[in-house]
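First comes the structure, then the notes that go with it.
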Amino acid sequence: MEDQVEEMELKPVNVRRTFTLRNNVARQVAVNFMPSRQIPYGTLRLRRSNSDSEALLTGGADSDRQADIIVREMEQLQRLMEDNPVSEELRREALRDLPQGLTMKRTVRAKLSASVSLRSKHRPISFYKRLKYRISFALKKGRDRISELIFSIEPWHEAIRHLEGQFGSAVGSYFHFLRWLFALNLLLAILLLCFVVVPQVLHDQGNNRTGSMGFLDFVSGKGGFEDSVLFYGHYHWGDVNSFGPLTYNMPFSYFFTMISLYLFFFAILCYRTAYSYRRNFIEIAGGLSNVFASKVFCGWDFGIVSQHAAALNASSIYNEFKELLSEQNKKHVTMSLWRRVWQYMVNVVVTGAVLALVAGLQYGLWLLLALKTEVQHWEIFVSLIITFVVALCPLLFNLIVRVEYYKARTALYVTLARTGLLDISTLTMLLVYWTQSDTPCWESALGRETYRLVLLDALVSLFLLPLVEFARGFIFKLNPNSGAPEFNIAYNSLTLVYNQAVLWLGAVWCPLLAVAVALKFLLLFYVKRECALRACQPARKVWRAAQTQTVLYMLVTLSLFVTLFSVGSLFLRGSSQTCGPFVTYTRVWGVVSEGVLRLPERPALRRVLSFLTRPGVIAFLFLSLCVATYFMRARARAQRSMVDILRRMLVLQAKDKDFLLAAIDKVSNGEWLYNPREEEQAADSHTLKYLQEVRKPSNAAYHFDVTRLNHSMSETRPHRAETRPHSYHVDRRRRSEDGDTDSSFSWQGSASCLNHTKDQQE
C-alpha cells in the first residue's frame with residue numbers, strides 16, 4: 001500500500017485524480033451489493049434492494065435477472081454512463097472488480113454498452129461506414145485465411161527447415177530465393193500457356209509438320225523444333241480457329257499478354273526489392289550501439305540441430321568477433337595520404353581492367369557469332385562458349401577482388417555487381433547482334449539462342465557442378481586434411497540470377513522458355529539439396545544472407561528493366577515482315593494504334609497522342625519525375641536526420657536515468673545537496689568552498705561543526721565584508737550569478753548569515 005501511495009505521489013495531478021476516481025467507482029459498484037450496506041428500513045425501495053441483494057448473494061435468480069440488477073445499480077453512477085474513453089475505462093474497472101463469473105461479466109458489458117448507446121448524444125454510425133467496416137473486416141479475414149492456406153501448402157517447407165537446421169539460415173536463404181523464383185516462373189509459365197501457347201496449339205490441329213527431331217536438333221532448336229510453338233516465328237498473324245462464334249486474335253493476345261505480364265512482374269519485383277531494402281538496410285541504418293553485446297546474445301542461429309553444425313557456427317561467431325575487433329582496431333590506425341591515394345588508385349585501375357575485360361569478352365563473342373563456318377551445329381559451340389564464359393568469370397572476379405582494398409562485405413557486393421554487369425551486357429550484346437543481322441526471322445533466331453543458353457546452363461548446373469562437388473566431398477572423406485567443400489551461396493545465387501535474366505529476354509521470342517526455366521529450377525532444388533546434405537559442409541565464415549539477397553533482388557529487377565527498355569524500343573521501331581504475329585503491322589506498336597485505338601480513323605485522338613509523344617512533353621514528364629525523386633530523397637534524408645535526433649534523445653534519456661540514479665544514491669547516503677557541476681569547479685571556486693565547508697552533505701544525525709567553519713571564514717571575511725550585499729535584489733542577483741544549485745542560498749549570503757549568527761552568540 002505504501003508503494004502505491006508513493007507511486008501516486010510521483011504522478012501528475014490529473015493522472016492521480018483519474019486513478020483515484022477509477023478505483024473509487026470500480027469499488028463502489030462492488031460495495032453496493034454487500035449485506036452491510038443494506039439500510040434496516042422497510043420501504044419499497046429497501047425491499048427491492050434487499051431482494052436484489054439476496055438474489056445476487058444466494059444465486060437463486062437467473063443470469064438475465066442478475067445482469068439486469070447489476071446494470072441497474074451501475075446506471076445510478078452518472079460517471080459510468082458517459083460516452084467517452086474515461087467512462088469506458090471506468091466501466092471496465094468496475095466489471096473487473098465484480099465478484100461474478102466471466103459469463104456474467106460479458107452479459108453485463110453487453111447490456112451496459114446498449115444502455116450507454118441509448119443515452120449517448122453522439123450520432124450512430126452510418127450505414128455507409130458500417131458497410132465499409134464490414135467489407136474491410138471481411139477482406140482482412142479473407143486475406144488471413146488465404147495466407148494460412150498458402151502457408152499450409154507451401155512447397156519444400158520441411159526440406160528447407162531441415163537444411164537450415166543442418167547448415168544455418170544462410171544456406172536456407174539460397175533455397176528460399178530459389179523457391180521464390182520458381183513460384184514466379186511457374187505463374188509466368190501458366191499464364192503464357194493459357195493465353196498464348198494453347199490457342200496456337202488448337203489452331204495447329206490437323207497441320208502436318210515435317211523435320212528431323214534428333215538430340216542435336218533438340219539442343220540447337222532447329223529442324224522440326226524451328227517451326228513449332230517454341231519460337232516466335234510460328235505464331236499466327238490473324239484470328240485463330242475457334243469452335244464457336246467468338247474469335248481469338250493472336251496479335252492482340254500476344255502483345256497484351258507479354259506487356260501485361262512484364263509490367264506485372266516488374267511491379268512485384270520492385271515491391272519485393274523495396275521491402276527487402278527497407279528491412280535490411282534502412283531500418284538498421286543507425287547501426288547497433290552495442291554490437292558486441294548484440295552478437296553475444298543475439299548472434300546464435302537457433303535453427304541448427306546438428307552438433308557438427310553447431311560447432312561450426314560457434315567457430316564462425318568466433319571468427320566474426322575477431323573481424324569486428326580488427327575493424328575496431330583499424331579505426332584507430334591513421335593511414336597516410338599517400339597510402340590512401342595508393343589504395344584508391346589500385347581500386348580504380350583494377351575496376352578499369354575488369355570493365356575492359358568485360359568489353360573485350362563482348363567484342364570476342366560478337367566476332368564469334370559473326371564467324372561464318374561450315375561446321376555443322378556451329379551455333380551449339382557458340383552457345384557453349386558463352387555458357388562457360390558466364391560460368392567461369394564469377395570465379396575470376398572473386399580472385400581479382402582480393403587484389404583490391406575492399407572490406408569483406410564490400411568485396412562481395414563488388415563481385416556481385418561485376419557479375420551482374422557481365423550477364424546483362426552479354427544478353428544485351430546478343431539482342432543487338434540479332435536485331436542487326438540479316439537473318440530473315442531474327443526474332444526466332446534470338447529465341448533459339450536464349451533456348452540454347454538455358455539448356456546448356458542446365459547441363460552445367462545439374463550435372464557438371466554437382467559432379468565436382470561430390471568429387472570434392474569424396475576426396476575430403478578420404479583425406480580430412482584437405483579443405484572441406486562448402487556450399488557456395490553467392491555463386492549458386494548468381495546462377496539463378498543469370499537464368500532469370502535469360503528468361504526475361506527470351507520469353508518474348510520463346511514463350512515456352514518459362515516452362516523450361518521453371519522445370520529447371522524444380523530439378524535444381526533437389527540436386528542442390530542432395531549436394532548440400534551429402535557433399536558439402538557448413539561454411540566456417542558467416543555469410544550475410546539478408547542484405548546480399550537484397551542485392552540479388554536488385555540484379556533481377558535491373559535485368560527485367562533492361563529487358564523492358566530494349567523490347568519496348570524494338571516494338572516502337574518496327575517488326576519483322578517475314579514471320580510472327582505482327583507481320584501485318586509496320587510496327588509492333590501498331591497493334592495498339594491501329595488495331596485497338598484505330599488512329600487512322602480518329603484524327604483528333606491521333607493529334608493528342610502525337611502531342612503527348614513529343615520530346616518536350618516527354619522531357620517535362622522526365623523532369624517532373626526527377627523533381628519527385630529529389631523530393632522523396634530530401635524527405636528520406638530529413639526522416640533519417642530525425643531518426644538520428646531521436647536516437648540521440650534516447651541516449652540522453654538513458655543518461656538522465658543514470659543521473660537520477662546517482663542523485664538518489666547520494667540522497668540515500670545522506671548527501672542532501674547534490675551539485676552536478678561539482679567536478680567541473682576549480683579548486684579556488686566559491687561554489688566548491690561553499691559545498692565543502694558550509695553546505696556539507698548531511699542527514700538528520702549530522703551536527704554542524706561551527707569551529708571548523710571559523711577557520712575558513714576568517715581567511716576570507718574582509719573580502720566578504722566588502723562585497724556584502726546591501727539589498728535583497730542585489731543579493732538575489734549575485735546568488736544567481738554564483739552558480740549555486742540552491743536558489744535561496746549563495747556563498748556570500750550564507751557567509752553573512754553565519755557571521756551574523758556568530759556575532760549574536762558572542
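Okay, residues lined up against (1) closer than 28 Å to residue 588 by Cα; (2) among the β-branched types (Val, Ile, Thr); (3) at pLDDT 90 or above; (4) part of a loop (DSSP other than H, G, I, E, B):
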{"residue": "244", "(1), (2), (3), (4)": "no, no, no, yes"}
{"residue": "266", "(1), (2), (3), (4)": "yes, no, yes, no"}
{"residue": "276", "(1), (2), (3), (4)": "no, no, no, no"}
{"residue": "284", "(1), (2), (3), (4)": "no, yes, no, yes"}
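On inspection, residue 270 does not qualify as at pLDDT 75 or above, open to solvent by 90 Å² or more (accessible area, probe 1.4 Å) and under 30 Å from residue 636 (Cβ atoms). Condition first: more than 18 Å from residue 395 (Cβ to Cβ) and modelled with pLDDT of 90 or more. Can you find one or more residues in the stretch 485-496 that meet it? Checked against the condition, which is being more than 18 Å from residue 395 (Cβ to Cβ) and modelled with pLDDT of 90 or more, the stretch 485-496 yields no hits at all. Is there a residue in the stretch 326-336 that is closer than 27 Å to residue 562 by Cβ, hydroxyl-bearing (Ser, Thr, Tyr) and modelled with pLDDT of 75 or more? Looking through the stretch 326-336, none of the residues is closer than 27 Å to residue 562 by Cβ, hydroxyl-bearing (Ser, Thr, Tyr) and modelled with pLDDT of 75 or more. Within the stretch 352-379, the residues that satisfy the criterion of being touching a residue at least 24 places away in the same chain (Cβ under 8 Å) and open to solvent by less than 50 Å² (accessible area, probe 1.4 Å) are 354, 358, 361, 362, 365, 369, 370, 377, 379. Screening residue 198 on (1) at pLDDT below 80; (2) open to solvent by 20 Å² or more (accessible area, probe 1.4 Å); (3) not charged (D, E, K, R) shows it passes everything except condition (1).
Of the residues 450, 426, the single one that is open to solvent by less than 30 Å² (accessible area, probe 1.4 Å) and touching a Gly at 6+ places or on another chain (Cβ under 7 Å) is 450. Mind checking whether some residue in the stretch 166-178 is open to solvent by 60 Å² or more (accessible area, probe 1.4 Å) and modelled with pLDDT under 75? Scanning the stretch 166-178 turns up at least one residue that is open to solvent by 60 Å² or more (accessible area, probe 1.4 Å) and modelled with pLDDT under 75. Of everything listed in (1) under 28 Å from residue 501 (Cβ atoms); (2) over 38 Å from the mean Cα position of the chain (by Cα); (3) part of a helix (DSSP H, G or I), the single unmet condition for residue 622 is (2). Within the stretch 333-378, which residues are among the hydroxyl-bearing types (Ser, Thr, Tyr) and assigned to a loop (DSSP other than H, G, I, E, B)? 334, 336, 373, listed by residue number.
The values are calculated or read from the model by the stated rules, or taken from the named source; none is laboratory data. Please read these numbers as outputs of a predicted model, since none were measured by experiment. All Cβ positions, even for glycine, are placed from backbone atoms using ideal geometry, and neighbour counts span all protein chains on display. Quick note on the areas: whole protein, heavy atoms, side chains included, nothing else; ligands and nucleic acids left out. Shrake-Rupley method; radii C 1.70, N 1.55, O 1.52, S 1.80 Å.
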